[in-house]
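Notes follow once the structure below has been shown.
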Amino acid sequence: MSVKYDFTGRVVLITGSGSGIGAATAVHFAQSGASVVVTGRRADKLTEVAKECLKVSPKGIKALEVAADVTNKDDMRRLVDQTIKHFGKLDILVNNAGAIHNTKPIDKDFYENYEKIMALNLNSVVYLTHICIEYLEKTKGNIINISSIGAKIAYLDMTPYCMAKCAMDMFTKCMASELATKRIRTNSVVPGMVRTDCLLAMGVSQTDSDKHFESYTNLLPVGRYGQPQDIADSILYLASDHAQYINGTFIMPDGGAVAGNVFLSDLLAKSFGE
Ligand code: NDP
């Protein structure tokens, strides 16, 4: 059961909204009365999500679908132009598109991987935010960046991903202080393990992805891994008028993973042969 909000009259752009956290967020915003822009590279995924949005939208507002790559500046310009042309304004930007990636500093192609991971998980957020500011200023809107607990603890073999999310957290704070004079709030949501297609996107098989999430069921303090809706709830709260005095900070829906130091617990359990 998702939390109820009223976003009637607000225009929301969510990157990476063809699947996972972004898709759940798009549908929740649509259900709350917002006009939604869904975007990602796979057009078929966007159409599926747009159909869900239409089903739940109280006034039957159709989502705008824009197939685009966040690492391509021309695509991002087109995304913003189409949003303004279609809905006339922008109230909320959710920078959600991203992907985890395993790469070790010893790997031959480490630096090439590093550049790609930074381009996707960090540079795209900086660029899209930059070109949206003029519109968010007009609506006194807000920005939500989707970070990761990988910004708070070092994931093994994921140095560039952790660095990108960590830099994104500082970007959130800098934007919060710089854009406050324009009455734009900026916050971030820091998810823990959330069952999405994120591992499949890395090339992991469905079976191994299932095993991975199931293995955390008992380790996580709340006794379950997260669902996309858990994260959407935090995003909508921060974007809502209930959070008007919240700026430059984060909510960490992680089921207590960081507090309970899940990775260390996992390691200790293995070293004790459990
Ligand atoms: P998904 O793989 O389901 O979603 C990622 C989305 O990003 C996809 O819809 C994908 O669409 C889009 N995307 C990827 N690359 C690009 C690109 N170059 N241009 C445009 N869109 C792109 O995973 P999640 O929902 O889990 O991930 C959402 C966010 O949450 C990410 O930023 C991730 O880092 C973060 N996160 C996830 C956690 C988890 O456990 N699931 C934990 C912590 C953070 P398409 O391929 O069609 O372009």
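So how many residues does the stretch 230-262 have that are without any contact (Cβ under 8 Å) to a residue 12 or more places away in the chain and assigned to a strand (DSSP E or B)?
So the count comes out to 0.
Does residue 106 meet the test of being among the aliphatic types (A, V, I, L, M), away from the ligand (no atom under 14 Å from the Cβ) and within 29 Å of residue 10 (Cα to Cα)?
no
Identify all residues within the stretch 213-229 that are part of a helix (DSSP H, G or I), exposed (fewer than 15 other Cβ atoms within 10 Å of the Cβ) and of a type outside the set (S, T, N, Q); write none if there are none.
Correct list: 214 only.
What is the one condition in (1) within 13 Å of the ligand (Cβ to nearest atom); (2) polar (S, T, N, Q); (3) not in a strand (DSSP E or B) that residue 8 does not satisfy?
Result: residue 8 passes all but (1).
Considering only the stretch 56-70, how many residues are within 12 Å of the ligand (Cβ to nearest atom) and part of a loop (DSSP other than H, G, I, E, B)?
3
Of all the residues that make up the stretch 13-42, how many are within 16 Å of the ligand (Cβ to nearest atom) and either part of a strand (DSSP E or B) or small (Gly, Ala, Ser) (or both)? It would help to see each step written out before you state the result.
The first filter runs over the stretch 13-42 and keeps only residues within 16 Å of the ligand (Cβ to nearest atom), leaving 13-29, 36-42.
From what is left, the residues that are either part of a strand (DSSP E or B) or small (Gly, Ala, Ser) (or both) are 13-20, 22-24, 26, 36-40.
Residues in the stretch 13-42 being within 16 Å of the ligand (Cβ to nearest atom) and either part of a strand (DSSP E or B) or small (Gly, Ala, Ser) (or both): 17 in total.
Within the stretch 166-209, track down each residue that is surrounded by fewer than 20 Cβ atoms within 10 Å (Cβ to Cβ), touching a helix residue (DSSP H, G or I) at 6+ places or on another chain (Cβ under 6 Å), aliphatic (A, V, I, L, M) and not in a helix (DSSP H, G or I).
199
Determine the pairs where a residue that is free of Cβ contacts under 8 Å to residues at least 60 places away in the same chain and surrounded by 21 or more Cβ atoms within 10 Å (Cβ to Cβ), located within the stretch 137-151, has a partner that is among the small types (Gly, Ala, Ser) and assigned to a loop (DSSP other than H, G, I, E, B) with Cβ atoms under 9 Å apart, the partner being 6 or more residues away or on another chain.
From the stretch 137-151, the pairs are 148/98; 148/192.
From 151, 97, 119, 164, which residue is modelled with pLDDT of 95 or more, within 10 Å of the ligand (Cβ to nearest atom) and over 17 Å from residue 188 (Cα atoms)? Quick ask: steps written out before the conclusion?
Details: 151 fails: over 17 Å from residue 188 (Cα atoms); 97 fails: over 17 Å from residue 188 (Cα atoms); 164 fails: over 17 Å from residue 188 (Cα atoms).
That would be 119, the only listed residue that is modelled with pLDDT of 95 or more, within 10 Å of the ligand (Cβ to nearest atom) and over 17 Å from residue 188 (Cα atoms).
The values are calculated or read from the model by the stated rules, or taken from the named source; none is laboratory data. As the structure is a prediction and not an experimental result, all values here were calculated from the model. Cβ: placed from backbone, ideal geometry, glycine included. Neighbour counts: every protein chain shown.
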